[in-house]
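Enquirer: Please read through the structure below; I'll follow up with questions.
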Amino acid sequence: MKVMLQYTIAGEDARSIAESIESEIREGRIPQGASLPTVRALAATLKVSPTTVAAAYRMLRTRGVLSAQGRRGTKVSARPPVVARPAIVVRRGLRNLIQGSPDPLLLPDLRALASKLTLRPRLYGEATNRPQLLALAREQFVADHIPAASLAIMGGALDAVERVLQAHVRPGDRVAVEDPGYSEIFDLLGALGLIVEPVPIDDHGLRPDHLEQVLKSGAVACILTPRAQNPTGAALDGQRARELRKVFDEHGDVLVIEDDHAGPVAGVSALTVCHPKKERWAVVRSVSKSLGPDLRLAVVAGDATTIARVEGRQSLGAGWVSHVLQEIVEVLWSDAAVTKKLQAAAEIYSARRSTLINAIKEHGIVAYGYSGLNVWIPVREEGSVITSLSATGWAVRGGERYRIKSAPAIRVTIATLQPSEAVQLAEDIARSLQPDQRTHSV
């Protein structure tokens, strides 16, 4: 009963009790990860039936606010979806290497498109997707040996991942994810009431032996990043892709989602673990890193059933992705100059990433960044390193948001990092690490 004195949970029915708990969490009076009273204890305090409290807890579990911990009771989720996360504010004067955005100078200039766009008004009843955009996307997927018989256009990578998940999984299902991995995926799974099952990774992605264990334990889906993995930069190579494909083929009913968010600017070729005989799969290719984050568009290739379900659900909500966005992407993908610019961007990002990694290694420090826009640097303790780097003018991201069971680290976004800066940053990182703080493991 001591726990109850810390909170002010009220209500006479399941809905009002659930709203009260959600309010307490949103206001910070019940912290993330906190244990809630047992069903019987809260029922006795509120003078309602245990069935009523159980129904309230079930509502919140379905929405990802609470998680069932078996004999350990019910806890507030680590990232409850009760309030939008505020943008990170970087103190004036610090070099911002926190945000994972691409370099604006390496994005296509949208102002030059005006004369090429028709911007014809689209009306209800017309085709939801532009045929030429689908044709261009299909051509890209086929060139990368990704089956493209069925395609859908969604409002960005996370929108696509969410819709694919909802097409096959239900609250309480377990989903295998990369660890370290993309924090927004963790948040999305929590909001959908799904249970995260972390799988360790190395430079080439998910470790097959650990993935096999998680799938055997009952995971019904897996989300992986084929290249430019956030935060570590991991990317599939041919051998790892074959190894993972074998694991997934042995668990044929597992849904596989590939989040290829960086696409042509990842710095390595596209590989996939999906194939036409796979029962449930989707490859999501966003344009946010290559063409710009404000172009909220992703193309999804997948099995016919998955694509049909995704488009069917989309038709009941947003209906379609704006044809203004679709036409812009279509024009950009059709422009040879843009293609060359994307190739140049991939080379520049690779050079910036390699420069920082090599500069760090000269100080005897391990750093990871096989592809993409980020470098992942394992440390013993994140807070002291971040504070030390802040004192020397750098703003970097702590790895806590990206980790479940993996070891501490910091993430540095290299999208705009110049070679001269990389050398200085490496020196400052080395000074921030005492000999006993250095680590050689992901």
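The values are calculated or read from the model by the stated rules, or taken from the named source; none is laboratory data. Just so we're clear, the structure is a prediction, and the values are computed from it rather than from any experiment. Cβ coordinates were reconstructed from backbone atoms using ideal geometry, including for glycine residues, and neighbour counts include every protein chain displayed.
Enquirer: Do we find a residue being assigned by TED's automatic domain parsing to the domain that holds residue 173, in a helix (DSSP H, G or I), free of Cβ contacts under 8 Å to residues at least 60 places away in the same chain and over 26 Å from residue 340 (Cβ atoms) anywhere in segment 253-260? Please lay out each step first, then the result.
Expert: Keep residues of segment 253-260 that are assigned by TED's automatic domain parsing to the domain that holds residue 173, which gives 253-260.
Retained after the next criterion (residues that are in a helix (DSSP H, G or I)): none.
No, the conditions are met nowhere in segment 253-260.
Enquirer: Does residue 124 qualify as being hydroxyl-bearing (Ser, Thr, Tyr) and under 28 Å from residue 190 (Cβ atoms)?
Expert: No.
Enquirer: Which pairs do you get when a residue that is at positive phi, found in segment 337-365, comes within reach of a residue that is outside any helix (DSSP H, G or I), reach meaning Cβ atoms under 9 angstrom, with the pair 6+ apart or on two chains?
Expert: Note: pairs meeting the criteria are 364/438.
Enquirer: Turning to a different aspect of this structure: Go through segment 20-76 and give me each residue that's at positive phi and exposed (fewer than 13 other Cβ atoms within 10 Å of the Cβ). Break it down stepwise before answering.
Expert: Kept after step one, since they are at positive phi, are these residues of segment 20-76: 28, 33, 47, 64, 70, 73.
Answer for segment 20-76, where residues must be at positive phi and exposed (fewer than 13 other Cβ atoms within 10 Å of the Cβ): 28, 33, 47, 70.
Enquirer: Any chance you could count how many residues in segment 387-425 are within 23 Å of residue 228 (Cα to Cα), free of Cβ contacts under 8 Å to residues at least 60 places away in the same chain and not in a strand (DSSP E or B)?
Expert: Within segment 387-425, residues that are within 23 Å of residue 228 (Cα to Cα), free of Cβ contacts under 8 Å to residues at least 60 places away in the same chain and not in a strand (DSSP E or B) number 3.
Enquirer: Among all residue pairs at least 6 apart or on different chains, which show Cβ distances below 7 Å where the first residue, located in segment 26-43, is more than 12 Å from residue 75 (Cβ to Cβ) and among the charged types (D, E, K, R) and the second is loosely packed, with under 13 Cβ neighbours inside 10 Å and modelled with pLDDT under 90?
Expert: 26/83
Enquirer: Of all residues in segment 235-263, which are among the acidic types (Asp, Glu) and crowded, with 22+ Cβ neighbours inside 10 Å? Can you show your working first?
Expert: If we filter segment 235-263 for residues that are among the acidic types (Asp, Glu), which is where we start, we get 237, 243, 249-250, 253, 258-260.
Across segment 235-263, the qualifying residues are 258, 259, 260.
Enquirer: Still on this structure, please answer the following. Would a scan of segment 292-312 turn up a residue that is closer than 16 Å to residue 160 by Cβ, polar (S, T, N, Q) and in a loop (DSSP other than H, G, I, E, B)?
Expert: no
Enquirer: While we're looking at this one, here's another question. Go through segment 189-209 and give me each residue that's over 16 Å from the mean Cα position of the chain (by Cα), crowded, with 17+ Cβ neighbours inside 10 Å and more than 18 Å from residue 232 (Cα to Cα).
Expert: Of everything in segment 189-209, just one residue is over 16 Å from the mean Cα position of the chain (by Cα), crowded, with 17+ Cβ neighbours inside 10 Å and more than 18 Å from residue 232 (Cα to Cα), namely 193.
Enquirer: When you go through 227, 242, 296, 309 one by one, which is the residue that is without any contact (Cβ under 8 Å) to a residue 24 or more places away in the chain, outside the structural domain of residue 403 (by TED's automatic domain parsing) and either on the phi > 0 side of the Ramachandran plot or not β-branched (Val, Ile, Thr) (or both)? Quick ask: steps written out before the conclusion?
Expert: Working: 227 fails: without any contact (Cβ under 8 Å) to a residue 24 or more places away in the chain; 296 fails: without any contact (Cβ under 8 Å) to a residue 24 or more places away in the chain; 309 fails: without any contact (Cβ under 8 Å) to a residue 24 or more places away in the chain.
From the options 227, 242, 296, 309, the qualifying one is 242.
Enquirer: Identify, please: which residue in segment 375-401 is at pLDDT 95 or above and closer than 16 Å to residue 234 by Cα and is, among those, surrounded by the fewest Cβ atoms within 10 Å (Cβ to Cβ)?
Expert: It comes out as 378.
Enquirer: Another question, if that's okay. Do you know which residues across segment 212-239 are within 18 Å of residue 198 (Cβ to Cβ) and charged (D, E, K, R)?
Expert: 212, 216
Enquirer: Of everything in segment 210-224, what is at positive phi and within 18 Å of the chain's Cα centre (by Cα)? Give them in sequence order. Reasoning before the result, please.
Expert: Going residue by residue through segment 210-224, those that are at positive phi are 218.
Of everything in segment 210-224, nothing turns out to be at positive phi and within 18 Å of the chain's Cα centre (by Cα).
Enquirer: Being in contact (Cβ under 8 Å) with a residue 60 or more places away in the chain, over 32 Å from the mean Cα position of the chain (by Cα) and not in a loop (DSSP other than H, G, I, E, B) is the filter here, so list the residues in segment 98-138 that pass it.
Expert: Hit for segment 98-138 is 116, nothing else.
Enquirer: Here are some conditions: (1) within 17 Å of the chain's Cα centre (by Cα); (2) more than 21 Å from residue 162 (Cα to Cα). Residue 328 meets all but one. Which one does it not meet?
Expert: Single failed check for residue 328: (1).
Enquirer: Follow-up. Based on this model, can you work out whether residue 227 counts as farther than 23 Å from residue 188 by Cβ, at pLDDT 95 or above and of a type in the set (D, E, K, R)? Break it down stepwise before answering.
Expert: On the way: farther than 23 Å from residue 188 by Cβ: no; at pLDDT 95 or above: yes; of a type in the set (D, E, K, R): yes.
Spelling it out, it is not the case that residue 227 is farther than 23 Å from residue 188 by Cβ, at pLDDT 95 or above and of a type in the set (D, E, K, R).
Enquirer: Of a type outside the set (Phe, Trp, Tyr) and surrounded by 23 or more Cβ atoms within 10 Å (Cβ to Cβ): does that describe residue 178? First the steps, then the outcome.
Expert: On the way: of a type outside the set (Phe, Trp, Tyr): yes; surrounded by 23 or more Cβ atoms within 10 Å (Cβ to Cβ): yes.
Yes; evaluated as a whole, the condition is true for this residue.
Enquirer: Would you check which residues across segment 115-147 are among the small types (Gly, Ala, Ser), surrounded by fewer than 20 Cβ atoms within 10 Å (Cβ to Cβ) and either closer than 20 Å to residue 342 by Cα or in the same structural domain as residue 326 (by TED's automatic domain parsing) (or both) and list them?
Expert: Step one: list which residues in segment 115-147 are among the small types (Gly, Ala, Ser), which gives 115, 125, 127, 135, 137, 143.
Imposing the further condition that a residue be surrounded by fewer than 20 Cβ atoms within 10 Å (Cβ to Cβ) reduces the set to 115, 125, 127, 135, 143.
The answer is 125, 127, 135, 143.
Enquirer: Pull out all pairs, ordered by first then second residue, where Cβ-Cβ is under 8 Å, the residues are six or more apart or on different chains, the first lies in segment 66-93 and is at pLDDT 70 or above, and the second is among the charged types (D, E, K, R) and part of a loop (DSSP other than H, G, I, E, B).
Expert: As it stands, the answer is 81/63, since those pairs meet every condition given.
Enquirer: If you don't mind, there's one more thing I want to ask. Hey, among the residues in segment 353-378 that are in contact with a Gly (Cβ under 8 Å, 6 or more places away or on another chain) and β-branched (Val, Ile, Thr), which one's nearest to residue 177 (Cα to Cα)?
Expert: 375
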